[in-house]
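Just below is one structure, and these are the notes that go with it.
The values are calculated or read from the model by the stated rules, or taken from the named source; none is laboratory data. Given the structure is predicted, the values throughout are model-derived calculations rather than measurements. Methodologically, a virtual Cβ is constructed for each residue, glycine included, from the backbone with ideal geometry; neighbour enumeration extends over all protein chains shown.
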Amino acid sequence: MWWIYALLSALFAALTAVLAKVGIQGVNTDLATAIRTVVIVLVAWGITFWRGGLDTLPALSRQNWLFLILSGLATGFSWIFYFKALQLGKVSQVAPVDKLSVAIAIILSVVFLGEVLTWKAAVGAALIIAGTLVLIV
């Protein structure tokens, strides 16, 4: 079932790139990121409330808070740089380069989380890196 959610994530990420490119025309990219963030905050808290996720809020540990906050900061920086890149470049160039994050995530998962690097993951990461190089050269 995880792969269905992953495919939906990819679909919506692709829509994000196309919709954002149109939406940021003539707009300060920091403002665009702030508007997008407000929408995401409202949707995320709405879903959390609707599905009963607030009940588990008191159970969060310091580690949960720390790493969720750090993840949020990383997401924020990613969005700021992504919108600036979209404003300056073509979606067909920016979106694939942004997906280099997949290969980087594989490497970081091995280094920091101790995940096993399978030959499939290694080949996939290498192909993503090669494809990114083809698009930016």
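Looking at region 34-54, is at least one residue in contact with a helix residue (DSSP H, G or I) (Cβ under 6 Å, 6 or more places away or on another chain), closer than 23 Å to Ser101 by Cα and in a helix (DSSP H, G or I)? No: region 34-54 contains no residue that is in contact with a helix residue (DSSP H, G or I) (Cβ under 6 Å, 6 or more places away or on another chain), closer than 23 Å to Ser101 by Cα and in a helix (DSSP H, G or I). Applying the criterion of being over 11 Å from the mean Cα position of the chain (by Cα) and among the β-branched types (Val, Ile, Thr) to the residues of region 1-19, the residue that is farthest from Phe83 (Cα to Cα) is Ile4.
Which number in (1) of a type in the set (S, T, N, Q); (2) at pLDDT below 95; (3) in the same structural domain as Ala13 (by TED's automatic domain parsing) marks the one condition that Gln63 misses? Result: Gln63 passes all but (2). There is no residue in region 122-137 that is surrounded by fewer than 10 Cβ atoms within 10 Å (Cβ to Cβ), at pLDDT 95 or above and assigned to a helix (DSSP H, G or I).
Only one of the numbered conditions (1) under 21 Å from the mean Cα position of the chain (by Cα); (2) exposed (fewer than 12 other Cβ atoms within 10 Å of the Cβ) is not met by Arg51, and that is (1).
With respect to the conditions (1) modelled with pLDDT under 95; (2) part of a helix (DSSP H, G or I); (3) not assigned by TED's automatic domain parsing to the domain that holds Ala125, Ala103 falls short on a single one, namely (3).
If only one of Gly26, Gly72 is exposed (fewer than 14 other Cβ atoms within 10 Å of the Cβ) and not in a helix (DSSP H, G or I), which one is it?
Details: Gly72 fails: not in a helix (DSSP H, G or I).
Step by step, each of Gly26, Gly72 is checked, and only Gly26 is exposed (fewer than 14 other Cβ atoms within 10 Å of the Cβ) and not in a helix (DSSP H, G or I).
If only residues of region 113-137 that are out of contact with any Asp or Glu (no Cβ under 9 Å at 6 or more places or on another chain) and of a type in the set (Gly, Ala, Ser) are counted, the one that is nearest to Phe67 (Cα to Cα) is Gly114.
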